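Written below as structure tokens is the structure these notes are about.
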Amino acid sequence: MTSPLPVGPTSRRWRRIDRAILVAVFVALWVPAALLLAGVHASQIENRPLATLPPVTLGGLADGTWAAGVDAFVEDNIAPRGLAVRLRGRAYLAVHSTGSTQVIAGRGAWLFPRDALDPTCRHTAADVAAALDSAMDLAGRGITFRFLAIPDKQSIYPAQLESNPFPVGCTEQQRAALRQAIADHATIALDGWSLLQGIPRGSGPTLLYYPRDTHWTALGAIPVLKALVTSIQPGLWSDADVVEDGTWRHRSDLTRQLGVTTFDRTTKVVVRGDVAVTTTNLSLPFELKNEAAVFETRTSTTRPVVEGRALIVYDSFFGTQSALIAPWFRDAVWVHIGDLQEHPEIAQLTGPFSVVVVARVERFLYLDDMQAVVRIVGS
């Protein structure tokens, strides 16, 4: 057999190329490792926490979980990773894809979160209906209760999804039953679909939801907030208090999951601009997992507001629009729904309350035991 290798000593040119390759391999392997050991880590560019170095345990060494944890730590924190993730994310977006199982590409620039299209349901619409039955009794105890169901954006902008790669989700299967339960409890519950589907959905800054983000815009939130405030105190809401003040750039959370920074331009909305609102973080004897703090908003105005102390149980949809909501309430305590379920004592530590608002986006609604939430806020 004949060898494809050259006969005799290699040339000086090939020796130089060989040495250059060895140097490049050394730099690629050892420089990032040296930076990692020196504490120079990758920045958090994705919309998730970076892996931490796991503690050494006998069990972890025996079953391989410690080694897997170290691999995840190195993969997340090695210094060049940020640049590689950004380049990868931009390359996928350039070909109308994402390269992620958690972010689904729609039409044009539209992106959708997987958990909206392929949700998890631990409870049912019947459970929500039972919780609303229980909430009806709160009025007899002097508590004004409101439940608000917020649609995911694919049900408001179905044409932008293009195609759904998943089977019909449990939230979509139960949507009709949920909306019927809300209609049956219309005095205490608000149907976000009926409030948003009849509104011209526009494009660009007039969109009701962000194309590359999981949340609604201020223009999407306003019709729902109007219905909420009017249901609690008829005549309080005035459209003159809602002023469109140019546009602003919203940093998109779905592209951030790909390591790419993008912004969706949307209409900036100012509500009751003459009402002063102060925000204070409340001190609690335990740490929270979902939000940094339970906070309180207070308004200083001679104008009419919802009086008394309100408890607003929110998720990110409602929380991102707190500046539009707070000016309508004299005194409100804001608690993330996950923290409330983890620490039910928050309601007693920060109450009593004369108004309770529970707001939840559709894809997470069936993760919660809403009957338990009603018991907590009514305690």
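The values are calculated or read from the model by the stated rules, or taken from the named source; none is laboratory data. Note that this is a predicted model, so its numbers are computed, not measured. All Cβ positions, even for glycine, are placed from backbone atoms using ideal geometry, and neighbour counts span all protein chains on display. Surface areas here come from the heavy atoms of the whole protein model, side chains and all, with no ligands, DNA or RNA. Shrake-Rupley method; radii C 1.70, N 1.55, O 1.52, S 1.80 Å.
A few points about this structure:
- Carbon plus sulfur fraction of accessible area for region 182-295, probe 1.4 Å, in percent: 51
- Once the C-beta distance of Ala183 and Thr65 is scaled by a Förster radius of 45 Å, the resulting FRET efficiency is 0.35 to the nearest 0.05.
- Label-to-label distance, Ala292 versus Arg201, with points set 7 angstrom from Cα along the beta-carbon direction: 3.5 nm.
- Tensor-based shape of region 209-326 (alpha-carbon gyration tensor, a/c under 1.5 rounded, otherwise prolate or oblate): oblate
- Heavy-atom accessible area with a 1.4 Å probe sorts Phe329, Phe295, largest first, into Phe295, Phe329.
- Accessible surface, per residue, of region 301-379 when the full set of protein chains is kept, probe 1.4 Å, Å²: 30
- Exposure check, 1.4 Å probe, all protein chains in place: Asp213 carries approximately 0 Å² of accessible surface.
- Extension gain (nm, one decimal) between Ser300 and Ser316, 0.36 nm per residue minus Cα-Cα: 3.2 nm
- Long-range HN-HN contacts of Glu162 with modeled amide H, under 5 Å: Arg107
- Positive minus negative residues near Ala149 (Lys, Arg vs Asp, Glu; Cβ under 10 Å): +1
- FRET efficiency, Thr230 to Thr101 (Cβ-Cβ, R0 45 Å, nearest 0.05): 0.60
- Counting only protein heavy atoms and a probe of 1.4 Å, the accessible surface of region 339-379 is 52% carbon and sulfur.
- At a probe radius of 1.4 angstrom, the accessible area of region 107-248 per residue rounds to 43 square angstrom.
- Inter-site label distance for Ala276 and Glu342 at 7 Å from Cα along Cβ, in nm: 3.5
- Cα centroid of region 273-309 to Cα centroid of region 193-251, whole Å: 22
- Heavy-atom accessible area order for Lys289, Lys226, largest first, 1.4 Å probe: Lys289, Lys226
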